[in-house]
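Chemist: Sending over a structure as structure tokens; questions will come in a sec.
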Amino acid sequence: MSIAKRLQEIKSELPASTRLLAVSKFHPAELIQEAYDAGQRYFGESHVQELKEKVEVLPKDIEWHFIGHLQTNKVKYIAPYISMIHSVDTEKLLQVINAQAEKCGRVIPCLLEIHVAKEETKYGFDFDTARELLQSDRLQSLKFVSVVGIMGMGSLTDDENQTRREFASLHHFFQEMQSTVAPQFKELSMGMSGDYRIAIEEGSTIVRLGTTIFGERQY
Ligand SMILES: *Cc1c(COP(=O)(O)O)cnc(C)c1O
């Protein structure tokens, strides 16, 4: 099936409140161009160097989202143009993004990555640490980042109930924070190829799909 056809089918499943982020990591620029030609404008990448190479050759009106673990020393390379960083996993990283965004004279929309999966290797805040940060006045001094929501990944499991519980807990936290944090807090980024239907049912506003659109990645 063509990429255009897959995009069309996925989009027909999404409610108006859910955006599709096309995760293009490890896929060549030609395939991204194909998705672009079919109307897709939001793409997600998880490696700074790979992203840089793609940005140079692809259309300038693409909105690039960073979704991978981001090292503080690499923030400066993406700060000039990145549309959103989904994977802010420490307060330190948020401070560095703020400093680099200031140098570029822009405000970078960020999501706090929340760890809900069983796997221990995944990055992210736990709920309590994220809540403390979101409710503190430390965020107010970071004028060049806008924390617009949270991102989460479900466990690698076939147990749909487990996945649903994890997404529901993210949604619950998201709503709790929405009522106490500033009005720009509106994005709940959750759902990948294996679990996005559950994520939509649990209130996702951005699903991040790679394999469903582009097929298996060639590492
Ligand atoms: C790779 C990746 C995705 C997309 O995964 P698929 O299973 O191919 O849809 C989504 N989110 C993050 C954070 C990823 O690293």
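Chemist: Mind counting the residues in the range 168-204 that are in contact with a Ser or Thr (Cβ under 6 Å, 6 or more places away or on another chain) and either of a type outside the set (A, V, I, L, M) or within 12 Å of the ligand (Cβ to nearest atom) (or both)? Spell out the reasoning first.
Modeler: Pass one, the range 168-204, residues in contact with a Ser or Thr (Cβ under 6 Å, 6 or more places away or on another chain): 184, 187-188, 190-191, 193, 195, 198, 200, 204.
Filter again for either of a type outside the set (A, V, I, L, M) or within 12 Å of the ligand (Cβ to nearest atom) (or both), leaving 184, 187, 190-191, 193, 195, 204.
Residues meeting the conditions: 7.
Chemist: Then there is this: Looking at the range 24-108, what strands (runs of 3 or more DSSP E) fall wholly within it and have at least 3 residues that are open to solvent by less than 70 Å² (accessible area, probe 1.4 Å), in contact with a helix residue (DSSP H, G or I) (Cβ under 9 Å, 6 or more places away or on another chain) and modelled with pLDDT of 95 or more?
Modeler: 84-88
Chemist: May I pose another question? Against the definition (under 16 Å from Gly215 (Cβ atoms) and in contact with a Ser or Thr (Cβ under 7 Å, 6 or more places away or on another chain)), how does Ile3 come out, yes or no? Talk me through it step by step, then tell me what you get.
Modeler: Values: under 16 Å from Gly215 (Cβ atoms): yes; in contact with a Ser or Thr (Cβ under 7 Å, 6 or more places away or on another chain): no.
In short, no.
Chemist: Identify all residues within the range 3-14 that are away from the ligand (no atom under 13 Å from the Cβ) and touching a helix residue (DSSP H, G or I) at 6+ places or on another chain (Cβ under 8 Å); write none if there are none. Outline the logic, then answer.
Modeler: Here is the first cut: in the range 3-14, the residues away from the ligand (no atom under 13 Å from the Cβ) are 3-5, 7-9, 11-14.
If the condition is that a residue be away from the ligand (no atom under 13 Å from the Cβ) and touching a helix residue (DSSP H, G or I) at 6+ places or on another chain (Cβ under 8 Å), then Ile3, Ala4, Leu7, Glu13, Leu14 are the ones that fit.
Chemist: Count, please, the residues in the range 20-39 that happen to be within 16 Å of the ligand (Cβ to nearest atom) and hydroxyl-bearing (Ser, Thr, Tyr).
Modeler: Start the filter on the range 20-39 by keeping residues that are within 16 Å of the ligand (Cβ to nearest atom), which leaves 20-28, 31-32, 35.
Checking the rest, the ones that are also hydroxyl-bearing (Ser, Thr, Tyr) come to 24.
So the answer is 1.
Chemist: Select from the range 137-167 the residues that are under 29 Å from Asp195 (Cα atoms), among the aliphatic types (A, V, I, L, M) and more than 14 Å from the ligand (Cβ to nearest atom) and list them in ascending order. Full working, then the answer.
Modeler: If we filter the range 137-167 for residues that are under 29 Å from Asp195 (Cα atoms), which is where we start, we get 146-167.
If we keep only those that are among the aliphatic types (A, V, I, L, M) too, we end up with 147-148, 150-151, 153, 156.
Those that are under 29 Å from Asp195 (Cα atoms), among the aliphatic types (A, V, I, L, M) and more than 14 Å from the ligand (Cβ to nearest atom): Val147, Val148.
Chemist: With the checklist (1) under 16 Å from Lys143 (Cβ atoms); (2) out of contact with any Gly (no Cβ under 9 Å at 6 or more places or on another chain) in hand, flag the one item Pro109 doesn't pass.
Modeler: The number of the failed condition is (2).
Chemist: Quick check: anything in the range 121-134 more than 18 Å from Ile200 (Cα to Cα) and among the small types (Gly, Ala, Ser)?
Modeler: Narrowing the range 121-134 to residues more than 18 Å from Ile200 (Cα to Cα): 121-134.
Those still in the list that are among the small types (Gly, Ala, Ser) too: 124, 130.
Scanning the range 121-134 turns up at least one residue that is more than 18 Å from Ile200 (Cα to Cα) and among the small types (Gly, Ala, Ser).
Chemist: Something else: Looking at Met1 and the list (1) modelled with pLDDT of 95 or more; (2) not in a helix (DSSP H, G or I), which single condition is not satisfied?
Modeler: All conditions pass for Met1, except number (1).
Chemist: Further, regarding this structure: Test Lys118 against the criterion of being surrounded by fewer than 19 Cβ atoms within 10 Å (Cβ to Cβ), within 30 Å of Ala99 (Cβ to Cβ) and away from the ligand (no atom under 13 Å from the Cβ), and give yes or no.
Modeler: No.
Chemist: Of the numbered conditions (1) small (Gly, Ala, Ser); (2) within 14 Å of the ligand (Cβ to nearest atom); (3) under 18 Å from the mean Cα position of the chain (by Cα), Ser17 fails exactly one; give the number of that condition.
Modeler: Checking Ser17 against (1) small (Gly, Ala, Ser); (2) within 14 Å of the ligand (Cβ to nearest atom); (3) under 18 Å from the mean Cα position of the chain (by Cα), the one that fails is (2).
Chemist: Ile213 versus (1) away from the ligand (no atom under 12 Å from the Cβ); (2) open to solvent by less than 20 Å² (accessible area, probe 1.4 Å): which is the lone unmet condition?
Modeler: Failing condition for Ile213: (1).
Chemist: State whether the residues of the range 192-201 include one that is among the small types (Gly, Ala, Ser), in contact with a helix residue (DSSP H, G or I) (Cβ under 9 Å, 6 or more places away or on another chain), open to solvent by 40 Å² or more (accessible area, probe 1.4 Å) and farther than 19 Å from Ser17 by Cα.
Modeler: Scanning the range 192-201 turns up at least one residue that is among the small types (Gly, Ala, Ser), in contact with a helix residue (DSSP H, G or I) (Cβ under 9 Å, 6 or more places away or on another chain), open to solvent by 40 Å² or more (accessible area, probe 1.4 Å) and farther than 19 Å from Ser17 by Cα.
The values are calculated or read from the model by the stated rules, or taken from the named source; none is laboratory data. Here the structure is a predicted model, which means the values were calculated and not measured. Positions of Cβ are backbone-derived with ideal geometry, glycine not excepted, and every protein chain shown enters the neighbour counts. Protein only, heavy atoms only, side chains kept; ligands, DNA and RNA dropped before computing areas. Shrake-Rupley method; radii C 1.70, N 1.55, O 1.52, S 1.80 Å.
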